[in-house]
Amino acid sequence: MRLTIDTDSKTLVVESAAERPELDLYGKEAFERISDIWLKMSWNQKYSYTFTWMGRPIIQHPEDLVRLQEVIYHVRPDVIIETGVAHGGSLMLSASLMKAMGHGRLVIGVDVEIRPHNRTAIEGHELFPMIRLIEGNSVAPEIVARVVSHVTPVDKVLVILDSNHSRAHVAAELQAYQALVTPGSYIVATDGIMREVHDVPLGKAHWASDNPAQAAEDFAMTHPNFVLETPAWRFNESPLNKSITAWPCAWLRRRV
Ligand SMILES: C[S@@+](CC[C@H](N)C(=O)[O-])C[C@H]1O[C@@H](n2cnc3c(N)ncnc32)[C@H](O)[C@@H]1O
């Protein structure tokens, strides 16, 4: 595909075997077309590896963090479970929102390897009293049982899957954690962007089918109590309606 941006004529020309539209450069469709390619470029530049949350690196695309914040504020979970801790920034995001809302009691982080310097920094953080760290494979039955032991029947629970992003691992995580998600809340299979970036320099060809978005779509087909549904934007005075996201096909809302 060839994209020609002409700032003098204020047009974007998209050329492919299938089409050759000439778009208003400042219109919605041109914005969406350029955002799609910008997202792939930003992924290849590791743009999401440039942010911190309350002092801890958080490996996420910023729009996804703002959308996640909207959901957490709206759902008001008592417990947030996240697989994939890394440096701990995403645990701090969840804990900081709970503290600011004055609602929510626990953030559980599961990681197969919590490196000593990350553990020291997380355990020394002012939000650590709201956090439990569990080290081990997120789909190992004994690890899932340890997570379950921290949840009570009255807790409203949100689950974020951000560990190993293979289709098989995410499918196993969805199976292992789905029962914990309360109706109206979500299980979020992050990083479906892998499907879109299989053809960029840092991507891998097999990601075209081996990715979290595929696992979430498979899960939704076989679990009618969940619906694959990007949460509605809570505010929108723009013509836009499409997220610029590294989490396409990620949000599984539990219906009942
Ligand atoms: C993308 S990072 C998590 C980023 C973090 N959620 C954030 O937003 O900053 C992925 C993490 O998943 C962990 N991981 C990989 N395979 C895993 C598994 N089978 N079980 C649990 N954690 C795993 C890795 O050790 C790594 O720390």
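Specify the inter-centroid distance of region 60-78 and region 152-171, based on alpha-carbon positions, in whole Å.
15
Relative to the first principal axis of the alpha-carbon coordinates of the chain, what is the inclination of helix 62-75, with its axis defined by its Cα atoms, in degrees from 0 to 90 and to the nearest 10?
50
What's the extension gain from Glu32 to Thr222 if we count 0.36 nm per residue and subtract their Cα-Cα distance?
Working: separation 190, 0.36 × 190 = 68.40 nm, distance 3.15 nm.
Full extension of this stretch gives 65.3 nm more.
What is the order of Tyr47, Tyr26, fewest Cβ neighbours within 10 Å to most? Spell out each step's value before the answer.
Values: Tyr47 15, Tyr26 10.
In increasing order of surrounding Cβ atoms, one gets Tyr26, Tyr47.
How long is the gain from Met41 to Asp155 if the chain were fully straight, where each residue apart is worth 0.36 nm and the alpha carbon distance is subtracted? Mind showing how you got there, number by number?
Values: separation 114, 0.36 × 114 = 41.04 nm, distance 4.00 nm.
37.0 nm is the gain from fully extending Met41 to Asp155.
Using a simple spin-label model with points 7 Å from Cα along the Cα→Cβ vector, what separation in nm is obtained for His198 and Arg119?
So the label points at His198 and Arg119 sit 3.8 nm apart.
What whole number of Å gives the distance from the Cα centroid of region 80-130 to the Cα centroid of region 2-46?
Taking the Cα centre of region 80-130 as reference, the centre of region 2-46 is 38 Å away.
Under 5 Å between amide hydrogens, which residues at least 5 positions from Ile134 or on another chain qualify, with H placed 1.01 Å from N in the peptide plane?
Those lying under 5 Å, H to H, from Ile134 are Gly109, Val110, Asp111.
With contacts defined as alpha carbon pairs under 8 Å and 6 or more residues apart, what's the relative contact order of the chain in percent?
Working: 458 pairs, mean separation 41.8, N = 256.
Answer for the chain is 16 percent.
Can you give me the three principal axis dimensions of the chain from its C-alpha atoms, in Å, biggest first?
The Cα atoms of the chain stretch 60, 39, 36 Å along their principal axes.
Quick check on the chain: helices-only [θ] at 222 nm, where DSSP H runs of length 4 and up contribute -39,500 (n - 2.57) each and the sum goes over total residues. Nearest 500, please.
On the way: 7 runs with 83 residues, N = 256.
Estimated from H runs of four or more residues: -10000 deg cm²/dmol.
In Å, the Kirkwood hydrodynamic radius of region 124-163 over pairs of distinct alpha carbons?
Roughly 11.9 Å, rounded to one decimal.
Calculate the dipole size of the chain relative to its Cα centre from +1 charges on Lys and Arg beta carbons and -1 charges on Asp and Glu beta carbons; express the result in debye to the nearest 20.
In debye, rounded to 20, the chain gives about 620.
Which of the peptides 222-234, 174-186 is most tightly packed, and how do the rest follow, going by the mean number of other Cβ atoms within 10 Å of each residue?
On the way: 222-234: 13.5, 174-186: 18.5.
Output ranking for 222-234, 174-186: 174-186, 222-234.
Fewest first, what order do Arg2, Arg119 take by the number of other Cβ atoms within 10 Å? Could the numbers behind the result be given before it?
Values: Arg2 8, Arg119 15.
So the residues, fewest neighbours to most, are Arg2, Arg119.
Please report, in debye to the nearest 20, how large the charge dipole of region 173-256 is about its Cα centre when each Lys and Arg carries +1 at its beta carbon and each Asp and Glu carries -1 there. Working shown, then result.
Numbers: 7 positive and 9 negative charges, 58 e Å.
That gives a dipole near 280 debye.
In Å and on Cα atoms, what radius of gyration and Dmax does region 199-244 show?
Radius of gyration, then largest Cα-Cα span, for region 199-244: 15.1, 39 Å.
Around Leu23, which amide H atoms from residues at least 5 apart in sequence, or from another chain, sit under 5 Å from its own amide H, with H modelled in the peptide plane?
Hits under the 5 Å cutoff: Leu12, Val13, Val14.
What is the spread of the Cα atoms of region 112-256 along each of their three principal axes, largest first, in whole Å?
Ordered largest first, region 112-256 gives principal extents of 42, 39, 35 Å.
List the pairs from Lys28/Lys99; Lys10/Lys40; Lys46/Lys156 whose alpha-carbon separation is above 29 Å, in the order I gave them.
Lys28/Lys99; Lys46/Lys156
Using r as the Cβ-Cβ distance of Glu237 and Glu70, and R0 as 25 Å, what FRET efficiency do you calculate, to the nearest 0.05? Show your work: numbers first, answer last.
Values: r = 15 Å, r/R0 = 0.61.
Taking R0 as 25 Å, the efficiency between Glu237 and Glu70 is 0.95.
Every number here is computed from the coordinates shown, using simple stated rules; none is lab data. This structure is a prediction, so every number in the text was calculated from the model and none was measured. With ideal geometry, Cβ positions are generated from the backbone for all residues, glycine too; neighbour counts draw on all protein chains shown.
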